[in-house]
Amino acid sequence: MAVGEGVTGAVVRALAEGVTPPRPFSIRAFRPLPTPPAGERAITVDQTNHSVIAGESVVVKWFPRPSRAPHPAPDLLAHLSAFSRTATPYAAVYWEDALVALVTAYLPEARDGWEWCVDEAEAGRTGFAADLGTLAAELHLAMATPSPVFPEPVRLAPDGNGDAWAERAEEALRDALALTDGEDGAWLTSRAGELRRELAPLATAGPTPLIRIHGDLHVGQILRWRDGYAVVDFDGNPTVSAEAPGGGAFQPAARDLAQLTTSVDHVGQVAILRRGADPERVAEWVAEARTALTAAYAAGLAEAGRSDLLDRSLVRPFEVEQECRELIYAARHLLRWRYAPMGVLRTWYGADAAFTK
């Protein structure tokens, strides 16, 4: 239920009226912002940042800990200003050079994938998967289309880039091993050799196109709303530093695809633990959904004549790296989440159960 106008509503109204903010605040506008009705309400789901809906038409995502480090979202939103499969971007608010808020359109009746996709897993429905694959392909095609922000949005990976990706993945594995304790940690250590073998192809990766990717493309970033699906939250991967080896802004499209497919596995684990779904049925659902998603993604690129954007040899190593990053995230931010990546890894590499608590 919306409440009376507060700080967020007042900020949105001022932006819509073209008011110049007092220094040291500044605005980067993407599109004209319509004046919203009065009232605001907070989005109460668990999230790193604080989002408020103003007038049931605009969302302001506040960053409680603004950083002076370059934030990927503003440039990506500006580049994607004509992309219709995301919430319309209106503005970015800065304090000096630190991003403090992003202002986008509100998508009515929106639910994120940790809700609607778990429903699909519980019911055994996989029709959504092709839609997600198509959406991911459309996103990457938009990323690869020149704009005033990114006039040269596609570049070829330089020689030796595979070494940097391999170093980045090895660091993720080492961190996951160090941060995962107890029985889970012992089991993970026992499979470290298998994990490293899966990561090995990164070191010998050949030249592949690089684009600006989403960077944190899991089902939770895909909203099912009144008019279909939309991808949101271009804040990047919270476990990756841009200064880390292989951590630059331009990445293989396979990295996004790998995170999206592994998030389907995570949905299966959520359905098992939170909904009491049958593990064998969930395993079948995951396999079918992953296959449909990947096929639709590849078909979307092929139809646009851009099959070259996907290097399939990178997908599996990036999937394994992503599971390591899920364990890192769990250890540092949300310990109860560890059951999901551990459940996936136990399924991939053998275990007595499909998931672990």
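Summary of computed values
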| quantity | calculated |
| --- | --- |
| Wholly enclosed helices (runs of 4 or more DSSP H) of region 151-259 bearing at least 2 residues farther than 16 Å from PRO317 by Cβ | 161-179, 182-190 |
| The listed residue being of a type outside the set (Val, Ile, Thr), within 29 Å of THR48 (Cα to Cα) and assigned by TED's automatic domain parsing to the domain that holds GLU122, out of PRO317, PRO279 | PRO317 |
| Flag for ALA340 being within 18 Å of the chain's Cα centre (by Cα) and small (Gly, Ala, Ser) | yes |
| Test: GLY215 is surrounded by 20 or more Cβ atoms within 10 Å (Cβ to Cβ) and either more than 21 Å from the chain's Cα centre (by Cα) or within 24 Å of LEU141 (Cβ to Cβ) (or both) | yes |
| Residue within region 43-51 that is free of Cβ contacts under 8 Å to residues at least 24 places away in the same chain, out of contact with any Phe, Trp or Tyr (no Cβ under 8 Å at 6 or more places or on another chain), surrounded by 13 or more Cβ atoms within 10 Å (Cβ to Cβ) and of a type outside the set (Ser, Thr, Tyr) present | yes |
| Qualifying residue in region 23-34 (condition: under 22 Å from the mean Cα position of the chain (by Cα) and surrounded by fewer than 16 Cβ atoms within 10 Å (Cβ to Cβ)) | no |
| Enumerated helices (runs of 4 or more DSSP H) restricted to region 263-357, each holding at least 2 residues that are free of Cβ contacts under 8 Å to residues at least 40 places away in the same chain | 279-303 |
| Residue match in region 198-208 (condition: outside the structural domain of ALA82 (by TED's automatic domain parsing) and within 17 Å of the chain's Cα centre (by Cα)) | no |
| Hits in region 174-194 - residues which are in contact (Cβ under 8 Å) with a residue 12 or more places away in the chain, surrounded by 12 or more Cβ atoms within 10 Å (Cβ to Cβ) and not polar (S, T, N, Q) | ASP175, ALA176, LEU177, LEU179, ASP184, TRP187, LEU188, ARG191, ALA192, GLU194 |
| Any hit, region 76-98, residues being surrounded by fewer than 19 Cβ atoms within 10 Å (Cβ to Cβ), in a strand (DSSP E or B) and of a type in the set (A, V, I, L, M) | yes |
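So that you can scan it fast, the table gives a plain yes or no per residue for (1) charged (D, E, K, R); (2) farther than 18 Å from GLN221 by Cβ; (3) in contact with an Asp or Glu (Cβ under 7 Å, 6 or more places away or on another chain):
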residue: LEU33; (1), (2), (3): no, yes, no
residue: ILE43; (1), (2), (3): no, no, no
residue: ASN49; (1), (2), (3): no, no, no
residue: GLU56; (1), (2), (3): yes, yes, no
residue: LYS61; (1), (2), (3): yes, no, no
residue: ARG65; (1), (2), (3): yes, yes, no
residue: ALA69; (1), (2), (3): no, yes, no
residue: ALA73; (1), (2), (3): no, no, yes
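The values are calculated or read from the model by the stated rules, or taken from the named source; none is laboratory data. Computed from a predicted structure; not experimentally measured. Every residue, glycine as well, gets a Cβ built from its backbone with ideal geometry; the counts of neighbours run over all protein chains shown.
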